[in-house]
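Below: the structure, in structure tokens.
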Amino acid sequence: ISEAAKILDRYLSKTIFKSQALVLLILLAIFTLIAFVEELEHVDDPMIYGVPDAIRYVAYTIPQRLLDLSPVIALLGSLIGIALLVKNSELIAIRAAAFSVRRLLLSVTIPATVLVVGLTLLGELVAAPLHQYAEKQRAILRSDKVYLLEGKGLWSNDGQRYFNVRELQHGRIPSGIYIYEFDKAGKLLTYIHANSAEIHNDREWKLIDVEYKTLENGTLVSRHAGELDIGPFWSSNELLVLPLPASSMSLTDLYHYIDYKKSTNQRTDRLELTFWQRISLPLSAAAMMLLAVPVGAGTGALRNAGFGQRITAGAIIGIVFYLGSQLIHTLGLLGNLNAALIALSPVVLVFLATAFLLWRMQACAT
């Protein structure tokens, strides 16, 4: 690659990243404000869950919001950058310098690759942990019977029964479970320890690998059971603490959680779709960046379009992509199709549309 080509690569990447940063700030500000207004609806008692708590929750979920908006940010940001080059006649000069359509696409591929890697790392290392923490803290604060002690897990009480869940494996599976039941005089009647538990829809808990002691004739008698049904364990509002949204889990935790659900013969179709959606999200952003090349540079009906028309076209494409993706996901679940196929289909369609528009662009240029 010549030095001139390297300079143009850097210039195009810089232009696109600057436009994406501008779109990111605008969209993130708008959707964060919307999320904050929605969160204020849950502020019933400021002494339990107040405005500062709502602000903290919204702030912790900003990285996840950024991930969700990344395809739109990638499309509009890249489109604005390229459309500005067209508006200022810079793209014409670049094309005149023997910068082919293929070479222009390669220049956009560089920041697209950086974006994919960045979004993947953001999701795994930042967004998932913060989102999970925010969901857990919000649920705990809204309940007046649940307490989180550092290093001691989740505590709750129901009359003379006290529950303790030490940790949630993969963010979803209760493990290290302790149950203590006392009489009114404070004497221990029952002690239960289980390695893990399965939570059923009817709020019943099935404890796995259980050691328990019961008071019989003044003596605590120890027993062991492979499984022990108990419930209802948590009240309806406390139950929210444990089954955190799948969207708040890292890919690694989500993968292991799906494996766990399969091992216990539970349905995993929606979880698998969520897993593949998370994988497809960075790819969707990259596909949108590449699609911005023919749309921003102008091809077909957009050849003589103005700056505003190109941006409008990009916004329409973003809306169609979102609605089309939701439709494909819904129909795929109803048809019991492969989760990877459902999640990746919209991305493949965008890549095919990009290839077609680039071919048209190349044909018109020759």
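The values are calculated or read from the model by the stated rules, or taken from the named source; none is laboratory data. None of the values given here were measured: they were computed from a predicted structure. Every residue, glycine as well, gets a Cβ built from its backbone with ideal geometry; the counts of neighbours run over all protein chains shown. Calculation scope for accessible area: heavy atoms of the full protein, side chains included, ligands and nucleic acids excluded. Shrake-Rupley method; radii C 1.70, N 1.55, O 1.52, S 1.80 Å.
Brief remarks on what is shown
- Here the extension length gained between residue 315 and residue 125 equals 65.4 nm, from 0.36 nm per residue of separation less the Cα-Cα distance.
- Rounded Å value of the spacing that divides the Cα centres of the stretch 108-135 and the stretch 43-72: 18 Å
- For the stretch 1-116, a simple Cβ point-charge model (Lys and Arg +1, Asp and Glu -1, everything else neutral) yields a dipole of about 1080 debye relative to the Cα centre.
- Area accessible to solvent at residue 322, 1.4 Å probe radius, in Å²: 130 Å²
- Estimated FRET transfer efficiency when R0 is 41 angstrom, pair residue 113-residue 185 (beta carbons, to 0.05): 0.05
- Computed on the stretch 8-72, with alpha-carbon pairs under 8 angstrom and 6+ residues apart, the relative contact order is 34 percent.
- Hits among lysines - C-alpha to C-alpha of residue 136 under 27 Å, sequence gap 8 or more where chains match: 145, 152, 206, 261, 262
- Cross-link partners of residue 18 among aspartates and glutamates, defined as those whose alpha carbon lies under 18 angstrom from its own and excluding same-chain residues fewer than eight positions apart: 9, 90.
- Normalised per residue, the accessible area of the stretch 12-74 is 54 Å², obtained with a 1.4 Å probe and no contribution from ligands, DNA or RNA.
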